[in-house]
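Take a look at the structure below.
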Amino acid sequence: MKHLIVGLGNPGEKYEKTRHNAGRIVLEYFRKKHELPEWERDAKRDALVSKGEINGVVVELLLPETFMNNSGLSLKAKSYQLKAN
């Protein structure tokens with residue numbers, strides 16, 4: 001089984017430590033706590049991605065690099081397909 005976890009928020013320093021970025025802040029904490037790889041840019045999805053395993057479960061973390069109102073663009077069916085192993 002594979003899990004996708006998305007951290008919603010707004011990109012950029014202006015919003016970095018605000019309530020508008022709660023999802024991004026929590027996901028960064030989660031990534032570090034579980035020692036998952038550093039973020040990699042995925043231009044096709046306009047997002048930052050980290051992939052790894054936690055207790056034998058494959059996880060993919062996604063931080064859309066769009067503003068909150070457009071975050072669904074990173075998850076469109078054509079640009080993202082989660083496939084189970």
Need the failing condition index for HIS3 against (1) assigned to a strand (DSSP E or B); (2) surrounded by 19 or more Cβ atoms within 10 Å (Cβ to Cβ), just the number.
(2)
Look at LYS83 and say whether it is of a type in the set (Lys, Arg), modelled with pLDDT of 95 or more and outside any helix (DSSP H, G or I).
no
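If a residue counts only when it is touching a strand residue (DSSP E or B) at 6+ places or on another chain (Cβ under 9 Å), free of Cβ contacts under 8 Å to residues at least 24 places away in the same chain and within 21 Å of LYS2 (Cβ to Cβ), which strands (runs of 3 or more DSSP E) contained entirely in the stretch 12-71 have at least 1 such residues?
Numbers: elements: 40-42, 47-54, 57-64.
Output list reads 40-42, 47-54.
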Residues satisfying the stated conditions in the stretch 11-40, i.e. in contact with a Ser or Thr (Cβ under 8 Å, 6 or more places away or on another chain) and not hydrophobic (A, V, I, L, M, F, W, C):
PRO11, ARG31, PRO37, GLU38, GLU40
Looking at the stretch 6-58, which of the residues that are at pLDDT 95 or above and of a type in the set (Gly, Ala, Ser) is least open to solvent (accessible area, probe 1.4 Å)?
SER50
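The values are calculated or read from the model by the stated rules, or taken from the named source; none is laboratory data. Predicted model only: the values in this text are computed from it and were never measured. Please note: Cβ atoms are built from the backbone with ideal geometry, for glycine as well, and neighbour counts cover all protein chains shown. Just the protein is used for accessible areas: all its heavy atoms, side chains included, with ligands, DNA and RNA removed. Shrake-Rupley method; radii C 1.70, N 1.55, O 1.52, S 1.80 Å.
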